[in-house]
Amino acid sequence: MTKSENAMDKKENSKIATINEALEKTHFGRFNKQIIIFSGVILNNVILESVGISFALPVVSCDLDLSYQEQGILGAICFLGIIISSHFWGLLADTLGRKRIMMPNLFLGFLVTLISSFSVNFTMVVVLRFLNGVFISASSATIYAYMGEFHCEKHRNRAVLYGSFIAAFSAVFFPLIAWFFINQEWEFVVPLIGITYKPWRLFFVMSGVSGLVCGIIFHYLPESPKYLLTANRHDEALEVLRYMHKKNTEANKKLQNESFEITTLLPDLADIPKVVTETKTPQKKSFTSICLVIWNQTAPLFMRQHIRKTFLSSAILFTTFFTAHGVYMWFPFILNNVSLYVANYDEPKRLCEIIRFSQSSNFTINEQSEICVTKLEIDTYKHTMSLEIIYVTLLLLVIYANRRFGRIPILCIVLTLCGVCGVLSLLIDIPMASIYLFLIMLCSGLGTNVMNAIVVDIYPTSLRAMAVCISLMVGRIGSVTGSNVLGALIETHCEEALYTSSFALVAAAILALLMPKAPLEKKKNPSIEEAH
């Protein structure tokens with residue numbers, strides 16, 4: 001073979017690449033940053049829609065005359081909607097596309113939130129919050145797959161963690177938004193439906209505005225190139241990659257003249273079986289074929305190759321969500337009681353003793369003429385903001401430590417530390433010290449971010465959205481369980497409920513040691529060599 005033939009052969013070979021190699025050649029730049037910020041805002045919207053109601057619960061319960069159990073149901077019902085629909089949205093995201101599923105549901109989620117602000121009774125607000133959970137579920141898990149699939153393996157884990165950081169940083173402003181709206185004093189009557197429109201109702205609407213904005217922005221963003229390739233839409237995947245390359249290089253003087261020469265994409269090894277299968281699958285729309293698609297997307301996660309990681313990721317997420325979201329639902333309530341107690345009493349008491357005492361007839365508050373809560377104590381917002389600041393700071397440390405020590409050791413340390421702080425918060429009798437230890441326990445949500453990054457890496461593209469959806473679905477069952485367990489036990493068995501949560505975090509840390517590591521990409525994919 002002559003030198004010119006060798007040169008031509010090398011040139012032709014340089015035009016063939018796996019999707020991971022092609023993503024590397026688009027470079028990490030402006031487009032990737034935009035996707036990470038956008039994904040972070042969507043995650044923030046999911047958190048605010050599902051957890052933001054915790055700020056309004058004490059006021060809503062006064063307005064709609066709710067019991068503690070009804071408050072627990074209202075706090076958890078959005079998660080129930082997410083849980084029930086997660087499998088469905090995971091299936092559609094893997095078969096129809098990430099963008100096609102998420103974009104319309106962002107608009108529908110906002111519409112339901114808007115209507116829910118006009119709720120006239122407990123039943124109406126519960127039904128609408130449930131529907132809201134169904135719609136936000138479409139993006140709550142799928143966004144991790146969408147964000148990760150615009151990045152090569154080298155940057156994927158970092159991208160997912162940065163997206164989570166943006167969501168967490170935005171959450172710092174939750175208490176400010178809640179304080180700005182909930183503690184206002186205006187109100188007006190809506191005669192057609194017989195309600196008094198109060199600030200907490202407007203807070204509901206503001207909680208969903210980011211979803212509306214993201215739905216509009218989504219119209220201008222492309223579909224995931226990895227999904228397009230697995231769906232045999234090769235040319236569209238190449239178009240997206242060229243667009244990414246253009247956006248990432250146009251502002252970089254060193255790369256401005258570089259062209260994207262790849263013309264043939266090959267799937268990564270883990271995705272080859274799916275691509276081959278899809279090319280042979282007849283396009284039927286019978287009930288049997290739909291059931292077969294559901295089975296084909298779900299069953300592999302519970303078979304020999306994946307069952308271990310599916311079980312472990314689901315168990316760990318169940319535990320972290322139980323505390324980070326389920327117990328968090330009651331955090332403003334606990335804070336409000338502690339703040340009132342500290343303002344009126346000097347006697348040292350443990351956290352659960354304060355809660356029981358605050359609900360007893362012996363508890364009196366200076367200058368309080370009515371029992372019904374129409375505003376939250378300013379300290380409640382201050383300490384909640386402290387929680388968000390601590391969370392963001394710890395997440396930055398996790399992102400930094402992740403590069404040096406790996407995700408699994410970091411996950412173990414985070415869950416163990418949070419569990420120990422949870423136990424200590426119940427043992428000491430200094431109210432404000434116990435509150436800050438309790439704050440650290442609620443930072444167990446950091447484990448959720450790390451676990452999501454792991455799940456995105458350890459499953460193939462064809463199963464990734466479904467895997468994230470199922471593991472997060474089980475996690476959110478933990479949210480519903482935590483919120484309702486605490487609602488039922490917070491007055492009578494407070495210690496037992498919170499000790500269980502703390503020790504479960506330590507148990508989850510032990511399970512994390514059994515998690516498999518993400519498979520490393522080979523420098524040369526055998527499929528490329530065969531193609532060459």
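Whenever a residue of the range 395-407 is under 10 Å from Asn157 (Cβ atoms) and in a helix (DSSP H, G or I), it has no partner that is modelled with pLDDT of 80 or more and of a type in the set (D, E, K, R) lying with C-beta atoms less than 7 angstrom away and at least six residues away or across chains. In the range 351-400, the residue that is surrounded by the fewest Cβ atoms within 10 Å (Cβ to Cβ) out of those that are basic (Lys, Arg) and at pLDDT 70 or above is Lys382.
Looking at Ser67, Ser54, Ser61, which one is under 30 Å from Arg356 (Cα atoms), polar (S, T, N, Q) and open to solvent by less than 10 Å² (accessible area, probe 1.4 Å)? From the options Ser67, Ser54, Ser61, the qualifying one is Ser54. Phe150 meets all of the listed conditions (1) open to solvent by 10 Å² or more (accessible area, probe 1.4 Å); (2) under 20 Å from Asp457 (Cα atoms) but one, namely (1).
Residues that are more than 16 Å from the chain's Cα centre (by Cα) and on the phi > 0 side of the Ramachandran plot occur at least once in the range 94-105. Checking every residue in the range 248-255 against the condition of being buried (at least 20 other Cβ atoms within 10 Å of the Cβ), more than 25 Å from Val126 (Cβ to Cβ), touching a Ser or Thr at 6+ places or on another chain (Cβ under 6 Å) and at pLDDT below 85 gives zero matches.
Pairing each residue of the range 201-222 that is at negative phi with any residue that is of a type in the set (Gly, Ala, Ser) and assigned to a helix (DSSP H, G or I), provided the two are 6+ apart or on different chains, yields C-beta distances under 7 Å for Phe203/Ala56; Phe203/Ala178; Phe204/Ser116; Gly208/Gly109; Gly211/Gly109.
When the criteria are applied in full, Asn44 meets the requirement of being open to solvent by 10 Å² or more (accessible area, probe 1.4 Å) and either touching a Pro at 6+ places or on another chain (Cβ under 6 Å) or in contact (Cβ under 8 Å) with a residue 60 or more places away in the chain (or both). Residue count for the range 401-418 satisfying the condition of being surrounded by fewer than 21 Cβ atoms within 10 Å (Cβ to Cβ), of a type in the set (A, V, I, L, M, F, W, C) and either modelled with pLDDT under 80 or closer than 19 Å to Ile458 by Cα (or both): 3.
Filtered by the rule that a residue be of a type outside the set (Asp, Glu) and farther than 18 Å from His155 by Cβ, the range 11-42 gives Lys11, Asn13, Ser14, Lys15, Ile16, Val41, Ile42.
The values are calculated or read from the model by the stated rules, or taken from the named source; none is laboratory data. The model shown is predicted, which means the values in this text are computed figures rather than measured ones. Counting neighbours? That spans all protein chains shown, and the Cβs are built from the backbone with ideal geometry, glycine included. Heads up: the accessible areas ignore ligands, DNA and RNA and are worked out on the full protein's heavy atoms, side chains in. Shrake-Rupley method; radii C 1.70, N 1.55, O 1.52, S 1.80 Å.
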